[in-house]
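Please treat every number below as a calculation from the coordinates, not as lab data. Not measured: the values here are computed from a predicted model. Cβ sites come from the backbone with ideal geometry, for glycine too, and all protein chains shown count toward neighbours.
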Amino acid sequence: MQPGRFQGQQSGTSNDDDNPFILRDYDHCISCYRCVRVCAEQEGDYAITMMNRGFETQITAEFNNRLKESACTFCGQCVQTCPTGALGDRKAMRAESLPGKLKKTRSVCPYCGVGCQVDLLSKEDKLVGIQPAMDGPANEGALCIKGQFAFDFVQHDDRLTKPLVRGDDGELHEVDWNTALDHAAEGFRKVLKEHGRHAVYGVASGRAPNEAAYTMQKFIRAGFGTNQIDNCSRA
Ligand code: SF4
Ligand code: SF4
């Protein structure tokens, strides 16, 4: 083997892609095309591809642009399949300097009714990243942008952890659950009395298990006497 004729040749163009999710550092790329194939064959997106031919072949986004300007949905599957680190999870990499050992915990994505399995990456008590579970029966290693990257809400300062009820002063106030539920029941009674049963409409959560969805339709049908009940999973 004489490796000299390959020396200095790079695959892909490092174009300082400024998206917040995926680092593209083609100095580490070995032109295996796994990213191109997963984008086309699994995600059906064709956001990244090869350009040029033979020795000059390069990995690139559409029109050699940045990912933000391409059809990329930021599903992260190219990052997960890249064997060399040429593509990296920028959000997880930010946690490199945090103290503690990286821990993996198997869980289920909380966003929609598909129920993709994920491995949560944490350091001490902080959630720092997410990886798709390759053996997850519903997703088999795939995720969408929300499951892959949208986990900041978990530790966000604005996250609601207690019920809020609007008072006579027009402001929202923290209350206990019994007070909040009484307030909601009173609101339902008022609407029924003033506008009748067809003024009530129920939408069950896509994350609700069958039993909860059944209870919800019973609550709307038997409780209010209307068939106006739906489930957001239908979207
Ligand atoms: S993040 Fe998903 S859509 Fe974007 S380039 Fe990678 S595989 Fe394709
Ligand atoms: S998967 Fe990684 S190493 Fe393979 S072609 Fe894509 S960027 Fe290069």
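Observations on the structure shown:
- Restricting the calculation to Cα atoms, the chain yields a radius of gyration followed by a Dmax of 24.5, 87 Å.
- Estimated from the Cβ-Cβ distance and a Förster radius of 35 angstrom, the FRET efficiency linking His198 and Phe153 is about 0.50.
- Packing-based ranking, highest mean first, of 81-87, 99-105, 222-228 given that Cβ atoms within 10 Å are counted: 81-87, 222-228, 99-105
- Dipole magnitude of the chain about its Cα centre (Cβ charges: Lys, Arg +1; Asp, Glu -1), debye to nearest 20: 600
- Long pairs among Lys68/Lys162; Lys126/Lys218; Lys146/Lys190; Lys103/Lys162; Lys91/Lys218, criterion Cα-Cα beyond 31 Å: Lys68/Lys162; Lys126/Lys218; Lys146/Lys190; Lys91/Lys218
- Using the average count of surrounding beta-carbon atoms within 10 Å as a protection proxy, the listed peptides 114-125, 195-206 rank, highest first, as 114-125, 195-206.
- Taking the empirical scaling 2.2 N^0.38 Å for compact globular proteins as reference, the stretch 50-138 has a Cα radius of gyration ratio of 1.34.
- Positive-end residue of Met93, Leu121, Ala133, charge dipole of the stretch 89-136 with Cβ unit charges: Met93
- Where both bridge residues fall in the chain, DSSP classifies roughly 90% of the beta bridges as antiparallel.
- Averaged over residues, the count of other Cβ atoms within 10 Å places the peptides 161-169, 147-155 in the sequence 147-155, 161-169, highest first.
- 0 to 90° range, to nearest 10: angle between helix 210-224 axis and the chain longest Cα axis: 30
- For the chain, the 222 nm mean residue ellipticity estimated from helices alone, with every DSSP H stretch of n ≥ 4 adding -39500 (n - 2.57) and the total spread over all residues, rounds to -6000 deg cm²/dmol.
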